[in-house]
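Note sheet for the following structure.
The values are calculated or read from the model by the stated rules, or taken from the named source; none is laboratory data. Keep in mind it's a predicted model, so treat the numbers as computed, not measured. Cβ atoms come from the backbone with ideal geometry, glycine included; neighbour counts cover every protein chain shown.
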Amino acid sequence: MSEPGLVAAVAAFLYREARLLDERRFEEWRDLFAEDGVYWVPVRAEQEDPLHEVSIFYDDRAMMAARIRRLRHPRIHAEIPESRAIRSVGNIEVAPPDAEGVVEVRSVLQMTEFRDGSQTAYHGRVAWQLLPGPEGAFRIRLKRVDLVNAEGMHHGMTVPF
Amino acid sequence: MAELAIADLVQGDRVHTSVYTDAAIFAREQERIFARVWLYLCHESQIPAPGDFVAARLAGVPVVVARQRDGAVAALINRCAHRGAAVCQAEKGTAQRFRCPYHGWTYGLDGRLVGVPLRAGYAPDFDLAELGLKRVARVAAYRGFVFGSLAAEGPDLMAYLGPMASAIDDMVDRAPDGTVEAVGGVHKHGFHGNWKLQMENLQDYAHPAFAHESSNAAARTDDRPRTELEEDDIMAANAASDFAWMERAGTAAYPGGHSYIGALPLNQPMPAAAEAAYRQALVARHGEARTAEILGVQRHVAIVYPTLAFQSALQQIKVIVPVRADYTEVYVHCFRLMGAPPEYHRAAVTFVNTANAPASLILTDDLAIYDRAQRSMKAAPGWVRFACGLGRDVPDNQGGMKGPGYSELAMRNQFATWLDYMREESGAIPVRAAAE
C-alpha cells in the first residue's frame, strides 16, 4: 500500500474503532484485537512493565470479554444509567510497516464521558501496533493509552478509552 | 434544625447521617481523631538512602518523610516558616536540602533552617535555630511500615496497633527474605463520599452478592486448569462467599477500632515449580511448622483504625485520606515479597488491578454506591443501621470480640471507637437531625 493509502486506511480504522466504543458495540470492538492483542492504560508515564507494576487497564482478550460481560449485566451499578461517551481521534502519525508488516501508529484521543450526572474529559496519547488484517483492515496487537493525568487522582472508569 | 450532642450520634446499632455529611463534625474528626492517632506515612523501601523522600498527609497536613544522613526517618511539615509556601513540590525524590521556591529559605533534611537570603536585612539577633520546618511529633516504624503521629503524647506505635500488628506480620512473614518492598506501583482514586463509607465497606461481607453482582456474574465459571491467578478468580471469589461460608470465615474486632474479616474463598493457583520454590524458601527460613502457620493465616482485609487497610496475603495496602466530609482519596500500594518467585509478585499485581484499579471490575461499583449514599444522606438526614450480627458477638482470645463474617461487628466497633475520640470534652454542635 502506498503511504497516503496506508495513512488513510489507518485513519479509517481508528475512527471506526472509536465509533464502536461510542456506540457501545463492545463485542465488535474486542474483535478488532488479534488473539494475543492487548489493551493497556499505564498508571504512569513511561511505564514499561505491566506485569510487575499495576496498570489502570491491562486487558488481554479474556479480560476484555469479562469486562464486556459485566457491561452487559443489568445490575452494573456504576453504569446505571448507562454512560455515554464521544471519542475524538487526531494527530495520526503512521510509520512504514516493519518486516513483519506491523504498523506502528501514534494518535491522540479525547474522550468526553457523561456518567451518573457528571461530565468528565479524558485526554491521552495512544500508541498502536497494528497487524495487517482482512480486506485491507487491521487487527490490533497493542493499544496503549497514556492518559495525560495517568498519575492523577481518578474516579471510577467503566468503559475503555 | 435540632441539636444532637456528639454522644447522641452513635446509639447502639444506629448512627446519625451527620457523621458522614457534616463539615463541623469532619473538622472535629481531624482534630480529635486524625491529629492524635498513628497514621501510615510510607514504607522504608521507598526511601532507602539518605536524602530520599516521599510526600504524605497526616490529618490533612502535608508532610515530607525524609531519610536522614544517620539512617533515621524524619517527617517534616511542608510549610515554610517564612511566608507559608510548600518547600517541597515533588511526590518523591532525593534531595540534599529543601529550598523554598518563594524566597529561598533553605532547610536541611532534618528540617533545620540552614540558610536565609538577604541576611543583612534582618536584625542581628534574628535566630534561625527557632525557625526550622515543624516536625511531626512522633515517627515510628514496625517491620518497615512507617507511621507518624501529630500528638506528642499517647500510646506508642506497638501499643496503638495492638493485636493488629499481626496484619503487618501477615505480609512480611510471607516474604522468604523477611522483607517486603513497595515496588508494585500505586493506584489512586477519589470518591465523593465520607471516608467512613470506605472503612465500613472494607469489613463488609454482606455487600458483594449485591454490589458486585455484575462482576460475579461476568467471571468465567469454567473449570479449566489455572496456572496463575487470573482476574476471573478474584471476581468469582466474591460470588462464592455465600451465607454458610461467611459464617465460617468470621470477623474479629479490637479496642482502638481495629478489625479483620476472614479470607475469601480465593484459590490462588501458581505454577507448580514456583509454588515449590516459594515454600522451600520459606521452610529454609522458618522450618515446616512455622511455614504452615504463616501460610495458614486466613484473612481478607485487616483494618488499622482509622484509615489503613491490609490485604496482606495479596501484598496490598489501602491508605485512605479524608479530604472533606464528602470527598475521600484512596492510595492503593502493591508490595513485593522479597525472595519469592516472580510469579507471586505478578499475582499480587493482577489482584490489585482487578480489585482496585480505577477501571476495576469490582471497585467501580463500590465508588458509585458511596457517591450515591453520600448524596442521599445529605439530602435525607436520619439514621443508618449496623444491626447485623448484634448479640452474636463473643469474646475472642486477644481481648476483642468475634462474630460471623456477615456481622456488622467491625462497623459497630469503628463507631464505638469514633465516639470515644469524638465525645471527650464534647459540647453540643448543631447538626441536622430529622425525625424518622
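So, B:Ala86, is that one under 20 Å from B:Val186 (Cβ atoms), assigned to a loop (DSSP other than H, G, I, E, B) and free of Cβ contacts under 8 Å to residues at least 60 places away in the same chain or not? Answer is no for this residue.
Residue-by-condition table, conditions (1) within 24 Å of B:Arg279 (Cβ to Cβ); (2) in contact (Cβ under 8 Å) with a residue 40 or more places away in the chain; (3) assigned to a strand (DSSP E or B):
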residue: B:His187; (1), (2), (3): no, yes, yes
residue: B:Gly190; (1), (2), (3): no, yes, yes
residue: B:Asp204; (1), (2), (3): no, yes, no
residue: B:Ala209; (1), (2), (3): no, no, no
residue: B:Thr227; (1), (2), (3): yes, yes, no
residue: B:Glu247; (1), (2), (3): no, yes, no
residue: B:Gly256; (1), (2), (3): no, yes, no
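Here B:Arg372 meets the list (1) surrounded by fewer than 21 Cβ atoms within 10 Å (Cβ to Cβ); (2) modelled with pLDDT of 95 or more; (3) more than 18 Å from the chain's Cα centre (by Cα); (4) more than 9 Å from chain A (Cβ to nearest Cβ) almost entirely, failing just condition (4). The residue list A:Tyr15, A:Tyr39 contains one member that is surrounded by 21 or more Cβ atoms within 10 Å (Cβ to Cβ), touching a residue at least 60 places away in the same chain (Cβ under 8 Å) and of a type in the set (Phe, Trp, Tyr), which is A:Tyr39. Residues that are more than 24 Å from the chain's Cα centre (by Cα) and not basic (Lys, Arg) do occur in region B:50-67, at least one of them.
Quick one: would you say B:Ile362 is closer than 23 Å to B:Leu308 by Cβ, within 14 Å of another protein chain (Cβ to nearest Cβ), touching a residue at least 24 places away in the same chain (Cβ under 8 Å) and surrounded by fewer than 20 Cβ atoms within 10 Å (Cβ to Cβ)? Spelling it out, it is not the case that B:Ile362 is closer than 23 Å to B:Leu308 by Cβ, within 14 Å of another protein chain (Cβ to nearest Cβ), touching a residue at least 24 places away in the same chain (Cβ under 8 Å) and surrounded by fewer than 20 Cβ atoms within 10 Å (Cβ to Cβ). Consider region A:128-154 and keep the residues that are out of contact with any helix residue (DSSP H, G or I) (no Cβ under 7 Å at 6 or more places or on another chain) and in a loop (DSSP other than H, G, I, E, B). The one that is surrounded by the most Cβ atoms within 10 Å (Cβ to Cβ) is A:Ala150. Taking (1) in a loop (DSSP other than H, G, I, E, B); (2) under 20 Å from the mean Cα position of the chain (by Cα); (3) over 16 Å from B:Trp195 (Cα atoms) in turn, B:Val37 satisfies each apart from (3). Pick from region A:99-127 the residues that are assigned to a loop (DSSP other than H, G, I, E, B) and either at pLDDT 95 or above or surrounded by 15 or more Cβ atoms within 10 Å (Cβ to Cβ) (or both): which of them is farthest from the other protein chains (Cβ to nearest Cβ)? Checking each candidate, the answer is A:Val102.
Screening B:Arg290 on (1) within 30 Å of B:Leu419 (Cβ to Cβ); (2) more than 14 Å from chain A (Cβ to nearest Cβ) shows it passes everything except condition (1).
Looking only at residues in region B:375-389 that are of a type in the set (D, E, K, R) and more than 10 Å from every other protein chain (Cβ to nearest Cβ), the one that is nearest to B:Gly12 (Cα to Cα) is B:Arg385.
Scanning for something away from every other protein chain (no Cβ under 12 Å) and not polar (S, T, N, Q), does region A:51-58 turn up at least one residue? The answer is no; no qualifying residue exists. All of A:Glu46, A:Glu27 fail the test of being at pLDDT 95 or above and either within 30 Å of B:Met338 (Cβ to Cβ) or not β-branched (Val, Ile, Thr) (or both), apart from A:Glu27.
Would you mind finding the one in B:Arg248, B:Arg224, B:Arg279, B:Arg220 that is assigned by TED's automatic domain parsing to the domain that holds B:Leu202, farther than 30 Å from B:Val394 by Cα and at pLDDT 85 or above? Steps first, please.
Values: B:Arg248 fails: farther than 30 Å from B:Val394 by Cα; B:Arg224 fails: at pLDDT 85 or above; B:Arg220 fails: at pLDDT 85 or above.
Of B:Arg248, B:Arg224, B:Arg279, B:Arg220, the one residue that is assigned by TED's automatic domain parsing to the domain that holds B:Leu202, farther than 30 Å from B:Val394 by Cα and at pLDDT 85 or above is B:Arg279.
For region B:42-63, a residue qualifies if it is of a type in the set (A, V, I, L, M, F, W, C), surrounded by 15 or more Cβ atoms within 10 Å (Cβ to Cβ) and without any contact (Cβ under 8 Å) to a residue 60 or more places away in the chain, and the qualifying residues are B:Ile47, B:Phe53, B:Val54, B:Ala55.
Selection of first residues in region B:154-176 that are closer than 25 Å to B:Gly339 by Cα and of second residues that are in a helix (DSSP H, G or I) and polar (S, T, N, Q), restricted to Cβ pairs under 8 Å at least 6 apart or on distinct chains, gives the following pairs, ordered by first then second residue: B:Ala167/B:Ser312; B:Ile168/B:Ser312; B:Asp170/B:Ser312; B:Met171/B:Ser312; B:Arg174/B:Ser312. Among the residues of region B:385-401, not a single one is in contact (Cβ under 8 Å) with a residue 24 or more places away in the chain, surrounded by 16 or more Cβ atoms within 10 Å (Cβ to Cβ) and part of a helix (DSSP H, G or I).
Of the residues A:Glu46, A:Glu79, which is more than 8 Å from chain B (Cβ to nearest Cβ), more than 18 Å from B:Asp232 (Cβ to Cβ), buried (at least 21 other Cβ atoms within 10 Å of the Cβ) and not β-branched (Val, Ile, Thr)? I'd like the intermediate steps shown before the answer.
Working: A:Glu46 fails: buried (at least 21 other Cβ atoms within 10 Å of the Cβ).
Only one candidate qualifies: A:Glu79.
Annotation: of all residues in region B:351-369 being hydroxyl-bearing (Ser, Thr, Tyr) and modelled with pLDDT of 95 or more, the one that is farthest from B:Ile234 (Cα to Cα) is B:Thr364.
Can you go through B:Gly115, B:Gly111 and tell me which one is of a type outside the set (Asp, Glu), in contact with a Phe, Trp or Tyr (Cβ under 9 Å, 6 or more places away or on another chain) and surrounded by 18 or more Cβ atoms within 10 Å (Cβ to Cβ)?
Details: B:Gly115 fails: surrounded by 18 or more Cβ atoms within 10 Å (Cβ to Cβ).
On inspection, the qualifying residue turns out to be B:Gly111.
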